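Note sheet for the following structure.
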Amino acid sequence: MKYPVFEDLIIFENEDYVVVNKPPFLATLEDRTPNTTNLLKLARQYNPDLQACHRLDKDTSGCLVLAKNPEAYRNLAMQFESREVYKVYHAVVWGTHKFEDELVSRAILSNAKGVAKLSPQGKPAETYFNTLENYARHTLVECLPVTGRLHQIRVHLAFLNAPIVGDSLYGGEQVYLSSLKRGFNLKKNTEELPLIKRFALHSFNIGFVLPNGEPVKIEAPYPKDFGVLVKQLRAH
């Protein structure tokens with residue numbers, strides 16, 4: 001895998017924080033895959049003091065905040081803890097749904113293998129959902145997680161019978177161009193690839209208060225694969 005240039009990922013920077021638009025397929029921190037890099041490693045080549053303030057799943061793209069100093073890190077950690085950070089994700093899901101401030105309040109339990117499920121024995125988890133756009137058989141959904149449990153958005157959407165496109169772990173199938181386009185012909189002996197090779201979840205917005213009391217809100221544009229998926233669904 002060709003790794004991105006860290007500077008190219010930056011969408012906001014001041015004396016305390018760097019916010020990047022994390023590309024998909026890049027872990028935030030060390031993961032179990034040998035000989036791979038991660039976002040924090042790339043970040044520290046840019047500035048050795050950077051600390052990741054939270055994490056995104058490897059496949060999830062979008063807003064990720066890194067702190068430049070311990071005070072800045074503490075400032076944001078406290079906001080995460082008291083659930084004051086504004087987080088908006090966009091997901092492309094299966095089915096046509098009309099969500100309007102739809103609240104899922106279902107406890108989530110995760111196992112040692114890093115798979116989450118709904119269970120009364122789990123930790124409380126809340127997410128709000130809104131429909132942004134409807135397509136023939138899919139929906140673009142805005143997700144506002146109140147808590148930050150493992151795979152929370154993915155599990156809560158699956159509970160609503162709206163699994164995320166490409167999220168095989170929680171029941172979301174792939175989307176192929178041939179299923180959208182009538183008369184789509186693939187070259188002989190070539191295998192058709194899905195429109196997006198990961199689950200379609202993107203951290204679109206993050207908002208928090210700087211150490212000086214000033215609020216900021218940062219938006220991360222869709223990466224290429226997510227943008228292509230939405231474009232194709234709009235067109236068909």
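The values are calculated or read from the model by the stated rules, or taken from the named source; none is laboratory data. Small disclaimer: the values here were computed from a predicted structure and weren't measured. Note: ideal-geometry Cβ built from the backbone for every residue, glycine included; neighbour counts use all protein chains shown. For accessibility, only protein heavy atoms count, side chains too; no ligands or nucleic acids. Shrake-Rupley method; radii C 1.70, N 1.55, O 1.52, S 1.80 Å.
Couple of notes before you dig in:
- Vicinal HN-Hα couplings computed from phi for region 177-189 (Karplus, 6.51 cos²θ - 1.76 cosθ + 1.60; Hz; Gly/Pro x): 4, 4, 7, 9, 9, 5, x, 6, 10, 8, 4, 4, 6
- Summing charges over neighbours of Ala125, with a neighbour being any other residue whose Cβ is under 9 Å away from its Cβ, gives +2 when K and R count +1 and D and E count -1.
- Percent breakdown of C-alpha pair distances by 10 Å bin, ordered from the shortest bin, for the chain: 7, 30, 35, 22, 5, 1, 0
- Two-site FRET efficiency, Leu103 against Asn189, from Cβ-Cβ distance with R₀ of 35 Å, rounded to 0.05: 0.10
- For region 1-46, the fraction of 1.4 Å probe accessible surface lying on carbon and sulfur atoms is 52 percent.
- Residue-wise HN-Hα coupling along region 78-94, computed from phi with Karplus coefficients 6.51, -1.76, 1.60 (Hz; x: Gly, Pro): 5, 5, 4, 4, 8, 6, 9, 7, 8, 10, 10, 10, 10, 9, 9, 10, 7
- Taking every alpha-carbon pair within region 124-193, the share separated by more than 16 Å comes to 58 percent.
- Net charge contributed by nearby residues that have their C-beta within less than 14 Å of Leu40 (K/R +1, D/E -1): +3
- A 1.4 Å probe run over the chain, with the rest of the protein chains in place, finds 54 Å² accessible per residue.
- Net charge, Glu214 excluded, C-beta distance under 13 Å - Lys, Arg +1, Asp, Glu -1: -1
- Inter-label distance for Leu160 and Leu132, nm, one decimal - labels placed 7 Å from Cα along Cα-to-Cβ: 1.3
- Note, ³J(HN,Hα) from phi for region 165-175, Karplus 6.51, -1.76, 1.60, rounded to Hz, x at Gly and Pro: 3, x, 8, 4, 4, 10, x, x, 7, 6, 10
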